[in-house]
Amino acid sequence: MKNLEAIFLDRDGVLNEDSDNYIRSVEDVSVYPFVSKALKKLTDLGLKIFITSNQSAISRGYFTEETNSDIFKKIISDSEKDNGKITDFYYCPHLPTDNCNCRKPKSGMFLQAAKEYKFDINNSVYVGDSVCDWETAKNLGIPFYLVETGYGIETAETIKKEKNIEVKTWKNLKVVVESFTQSSERRAKSTKKKNNK
């Protein structure tokens, strides 16, 4: 994308290992080893980086808002250890039955970020591992990168089976980011050639 301004990242399954039983405490947090360097590259590209995550476990009573905050702090701290910078994070604490505007696949968290940080949502992309993430990107009309970490492989199979749509998968966030940096380098070389004519 030529005018890429921001990248949205799902949390569990993209930045850190997911769990069928929810990430309920700081002790459950295990950030993937490639994440910190990937975020550094995104930061060096000048992109705004946002985490968007459904956390209905709060409303289900599995953990408190305070614990949720501690979990996010731990994930962000580990993800930024190579000097990448996460711009902000957003989460929806509601149940699916609450019919809120923030729970993915609705667009509330994404539009809030675009409003607060003053960028065009059309100049963003989304990286996720679930059918819900894929549907969110479709609703927003932005490019989606399905990573194979978390539930990514299962998600690709589900979309193929239920929607008859082939969704390209990427091994992990590192590989997605490498595609961005390669595109950026190609554009820079192209611009240099034009200026030398």
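The values are calculated or read from the model by the stated rules, or taken from the named source; none is laboratory data. Note that the structure is predicted; figures quoted are calculated from it, not measured. When we count neighbours, we look across all protein chains shown, and the Cβ atoms used for this are built from the backbone with ideal geometry, even at glycine.
Considering segment 23-46 alone, what residues qualify as being part of a loop (DSSP other than H, G, I, E, B), buried (at least 17 other Cβ atoms within 10 Å of the Cβ) and in contact (Cβ under 8 Å) with a residue 60 or more places away in the chain? Matches in segment 23-46: Tyr32 only. Considering Thr97, Thr52, the condition of being buried (at least 16 other Cβ atoms within 10 Å of the Cβ), at pLDDT 95 or above and either part of a helix (DSSP H, G or I) or under 13 Å from the mean Cα position of the chain (by Cα) (or both) is satisfied by Thr52 alone.
One residue alone among Asp82, Asp20 is farther than 18 Å from Ser130 by Cβ, surrounded by fewer than 19 Cβ atoms within 10 Å (Cβ to Cβ) and charged (D, E, K, R), and that residue is Asp82.
Evaluate the following for Tyr90: is it farther than 21 Å from Asp44 by Cα, touching a helix residue (DSSP H, G or I) at 6+ places or on another chain (Cβ under 6 Å) and assigned to a strand (DSSP E or B)? So that I can check it myself, show each step before the final result.
Numbers: farther than 21 Å from Asp44 by Cα: yes; touching a helix residue (DSSP H, G or I) at 6+ places or on another chain (Cβ under 6 Å): yes; assigned to a strand (DSSP E or B): yes.
So Tyr90 passes the test.
Among Lys106, Lys174, which is the only one that is more than 12 Å from Leu9 (Cβ to Cβ) and either at pLDDT below 95 or within 13 Å of the chain's Cα centre (by Cα) (or both)? If you could, list the steps in order and put the result at the bottom.
Numbers: Lys106 fails: either at pLDDT below 95 or within 13 Å of the chain's Cα centre (by Cα) (or both).
Just a single option satisfies the conditions, and that option is Lys174.
Ile76: surrounded by 15 or more Cβ atoms within 10 Å (Cβ to Cβ) and out of contact with any strand residue (DSSP E or B) (no Cβ under 6 Å at 6 or more places or on another chain), yes or no? Criteria met by Ile76. Inspection of segment 118-125 identifies no residue that is over 17 Å from Lys48 (Cα atoms), of a type outside the set (Asp, Glu) and touching a residue at least 24 places away in the same chain (Cβ under 8 Å).
Would you check if Lys74 is of a type in the set (D, E, K, R) and without any contact (Cβ under 8 Å) to a residue 24 or more places away in the chain?
no
Close Cβ contacts (under 7 Å, 6 or more residues apart or on different chains) running from residues in segment 137-154 that are modelled with pLDDT under 95 to residues that are buried (at least 23 other Cβ atoms within 10 Å of the Cβ) are absent.
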